[in-house]
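The values are calculated or read from the model by the stated rules, or taken from the named source; none is laboratory data. Since we're looking at a predicted model, the values are computed, not measured. Glycine gets a Cβ as well: all are built from the backbone with ideal geometry, and neighbour counts include every protein chain shown. Heads up: the accessible areas ignore ligands, DNA and RNA and are worked out on the full protein's heavy atoms, side chains in. Shrake-Rupley method; radii C 1.70, N 1.55, O 1.52, S 1.80 Å.
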Amino acid sequence: MARAPLTHILRSQQFDEGFLSIILPMAAEIKARHGENKWSFRHRLKDINVLLLFYEPSTRTEKSFDQACRFLGSIPSTTQNAGAFSSAAKGETLEDSIEILCGYGYDFIILRHPEEGASERAAKVASRHGVSIINAGDGSGQHPTQALLDIFTIWEKFGRLKNLNITLGGDLFHGRTVHSLIYLLGKFKGTNFRFVAPKELQLRPDIIEYLTKHKKERRLSWTFEESLSKKILKETDVLYWTRIQKERMNGDGEHIKNFVLTPQIIKFLPKESIIMHPLPRVGEIHPSTDRDPRAWYFKQAKNGLYVRMALLSYLFHDH
Ligand code: NCD
């Protein structure tokens, strides 16, 4: 079979059910085989050149992509803190940097940038060179590969993506992981969302518009809440918690006080529910919660490796 046509991965709306029906089992297979032999797939990305270009800090995304490349047989090149350690520090535009880098033989560039829309801009330039851009987070915009690993984790637990009660909380306004996840979960029939956030950090209108557009045909429902109640917790399958994105707002993120998960709070969650968080957490989940079997955030972060291996295999290897 032929390699998938060159694709940029810019937003989670791109992932349709057909794609997910391939990628989720593929990630599950990689996860199982990786447990037996981490090098099972070491030829998949042979001769593929990868650049990790990160203008914002990262632990999970950068390192899981880096390791995904290595386990697939490609040694990536990395510029961390690209704002300081690239010509951007001298004032070069992103477009010019991408134009130059595309001339050096990379097959794809995994880009994290503080400005929303940066990956779209980069993709415009990269398209002219046949280079693919993967958005690893663009400001408050999107983080599509995080949504993919989030959805994999949900699918792994529940075996389905339809008819789930998803409670998302924290900084829903600035949080790019929630944006991508809502766009993706909004594709599945019967998703029932609860959006829990202080008023000024509630969801952006573009996402509500998207949900409204598909509300009827997909039987979507949602409510806006200012705090978690016992009733909401009792009706939750997935509690997706996030940090307040202080770096993207003026002010001190004072809101956090009312948004800390503790064993006392999560005791109302159903036995079969899970707690997720894209991490890093900075106080909004108390570490004493980690021992609870429903705390899935570390499993979720680990899944990032397998899902990114699956995505890169899908994009760059015959399948
Ligand atoms: C998130 C990010 O960078 O958007 N982290 C991640 O990639 N797992 C979440 C965050 O920074 O809050």
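The overall shape of the chain, judged from the alpha-carbon gyration tensor, is prolate: a/c is not under 1.5, and a/b is greater than b/c. Working value for the stretch 171-246: equivalent-ellipsoid semi-axes of 19, 16, 11 Å, each the square root of 5 times a Cα gyration tensor eigenvalue, largest first. Loop-resident chymotrypsin sites (Phe, Trp or Tyr not before Pro) (DSSP state other than H, G, I, E or B) in the stretch 92-123 with no more than 11 further Cβ atoms inside 10 Å of their Cβ: TYR104. Surface composition of the chain: carbon plus sulfur atoms hold 53% of the accessible area, using a 1.4 angstrom probe and ignoring ligands, DNA and RNA. Counting only aspartates and glutamates at least 8 places from LYS46 when in the same chain, those with an alpha carbon closer than 18 Å to its own are ASP66, ASP107, ASP318.
The overall shape of the stretch 46-98, judged from the alpha-carbon gyration tensor, is oblate: a/c is not under 1.5, and a/b is no greater than b/c.
Taking every protein chain into account, the 1.4 Å probe leaves ARG204 with about 40 Å² of accessible area, to the nearest ten. Ranked by the mean number of other Cβ atoms within 10 Å of their residues, highest first, the peptides 299-307, 116-124 fall in the order 299-307, 116-124. Extending 7 Å from the Cα toward the beta-carbon at both ARG291 and THR223 defines two label points whose distance is 3.3 nm.
For the residues TRP296, TRP222, TRP39, a 1.4 Å probe over the protein chains yields an accessible-area ranking, largest first, of TRP39, TRP222, TRP296. In the context of the full protein assembly, MET249 retains an accessible surface of approximately 40 Å², using a probe radius of 1.4 Å and ignoring ligands and nucleic acids.
Other residues lying with their Cβ under 15 Å from the Cβ of THR93 contribute a combined charge of -3, Lys and Arg counting +1, Asp and Glu -1.
For the stretch 174-319, rounded, prolate or oblate, judged on the Cα gyration tensor with a ≥ b ≥ c (square roots of eigenvalues), a/c < 1.5 rounded, else prolate if a/b > b/c? Because its axes are fairly even, with a/c under 1.5, the stretch 174-319 counts as rounded. Computed from the alpha carbon atoms alone, the convex hull of the stretch 260-319 holds 91 Å³ per residue. Anything over 18 Å Cα to Cα? Flag those among LYS234/LYS271; LYS199/LYS234; LYS157/LYS271; LYS157/LYS299; LYS187/LYS213, in the order listed. Violating the 18 Å Cα-Cα cut-off are LYS199/LYS234. Using the Cβ-Cβ distance between PHE298 and LYS271 with R0 set to 22 Å, the FRET efficiency works out to roughly 0.70.
Counted over the stretch 1-148 with a bin width of 5 Å, the fraction of Cα pairs per bin, in whole percents, is 2, 9, 17, 22, 22, 15, 7, 4, 1, 0.
Solvent exposure of LYS162, expressed as accessible area, is near 100 Å², computed with a probe of 1.4 Å over the protein chains only.
Using the 1.4 Å probe convention, the accessible area of the stretch 108-267 works out to 39 Å² per residue with neighbouring protein chains retained.
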